[in-house]
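The structure under discussion appears below in the form of C-alpha cells.
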Amino acid sequence: MSKSILLLFGFLTFLSFSCKKDQDIPDDIATLPPATMTGANTFGCLVNGEVWLPHTGSLWDEALNVKHDRGWIGCDQLHVSAYRIYTENVNIYQTMDMNVWCPVLGENKMTLSKRNYTDYEGCGNYDIDSLSPHILFITKLDTINFIASGRFEFTVINHDCPDTIRITEGRFDADSHL
C-alpha cells in the first residue's frame, strides 16, 4: 500500500510541475524588441519600468497600427497605436496612442490629446501630462517604402486617480502604408 501511495504522490508532484501557469504574454516575447528601421512591425516600451508589448485577442485584428497620413493640407500626420489584451476577458485591455502633426526626422512633440494611454483594469483613460516631456523621436520616415520608425517617452495622468504612469524606452518600426 505504501508503494501505491508513493507512486500517487510522485504522479501528483509531476503533474503540479508540468502544469503551466496561464500567462498573458508568452515568456519568449517578454523583452523589448530591438530598435530597428526596416518596417519590422514591432513596438515595445516600459510602463513604470515593466515591459509592455502589443498583444491581441479577438477584439482587434492588429496589435499595432502606424499611419503616415499625407492627405492633410499643409501638414502630414503620423499616428501610432498599439493594443494589448492581457487577460482572457477581452473587455480588459490597454491601448497606447501617439500622434504627431508635421512629423520630421528627429525630435517631435506629441500632440496633446485625450486617451493617450488606456488601462481598463486600472483607472481607464489617461492623458499626456503636458508638464512632462512628451517626445516622439522619428528615426525613419520613408514615404516611398512606407516605413515609419522611432523612439518615444511620455508621462500620462488621470485626474481621478493618484497614480502617474511613465512610459519610457519606447520604440516602434512599422509599415506605415495608409
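The values are calculated or read from the model by the stated rules, or taken from the named source; none is laboratory data. Note that the coordinates shown come from a computational prediction; the quantities given were computed from them, not determined experimentally. Every residue, glycine as well, gets a Cβ built from its backbone with ideal geometry; the counts of neighbours run over all protein chains shown.
Could you check Leu136 against (1) more than 19 Å from Trp52 (Cα to Cα); (2) at pLDDT 90 or above; (3) not aromatic (Phe, Trp, Tyr) and say which number it fails?
(1) is the only condition that Leu136 fails.
Hey, among Asp173, Asp97, which residue is closer than 21 Å to Asn41 by Cβ and free of Cβ contacts under 8 Å to residues at least 24 places away in the same chain?
Asp97
Within the set of pairs 6+ apart or on separate chains, which have a first residue in region 47-74 that is over 29 Å from Leu105 (Cβ atoms) and β-branched (Val, Ile, Thr), a second that is at pLDDT below 75 and outside any strand (DSSP E or B), and C-beta atoms under 9 Å apart?
That search, which allows pairs on different chains as well, returns Thr56/Glu62.
Residue-by-condition table, conditions (1) crowded, with 17+ Cβ neighbours inside 10 Å; (2) of a type outside the set (S, T, N, Q); (3) at positive phi; (4) touching a strand residue (DSSP E or B) at 6+ places or on another chain (Cβ under 9 Å):
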position: Glu121; (1), (2), (3), (4): no, yes, no, yes
position: Leu136; (1), (2), (3), (4): yes, yes, no, yes
position: Thr143; (1), (2), (3), (4): no, no, no, yes
position: Arg151; (1), (2), (3), (4): yes, yes, no, yes
position: Phe172; (1), (2), (3), (4): yes, yes, no, yes
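Need at least 3 residues that are under 18 Å from Thr36 (Cα atoms) per element, so show me which strands (runs of 3 or more DSSP E) inside region 74-154 make the cut, counting only ones lying wholly within it.
77-85, 135-142
When you scan region 91-108, how many residues do you find that are closer than 19 Å to His79 by Cα and surrounded by 13 or more Cβ atoms within 10 Å (Cβ to Cβ)?
10
State the number of residues belonging to region 10-58 that are modelled with pLDDT of 50 or more and in a loop (DSSP other than H, G, I, E, B).
Of the residues in that region, 19 qualify.
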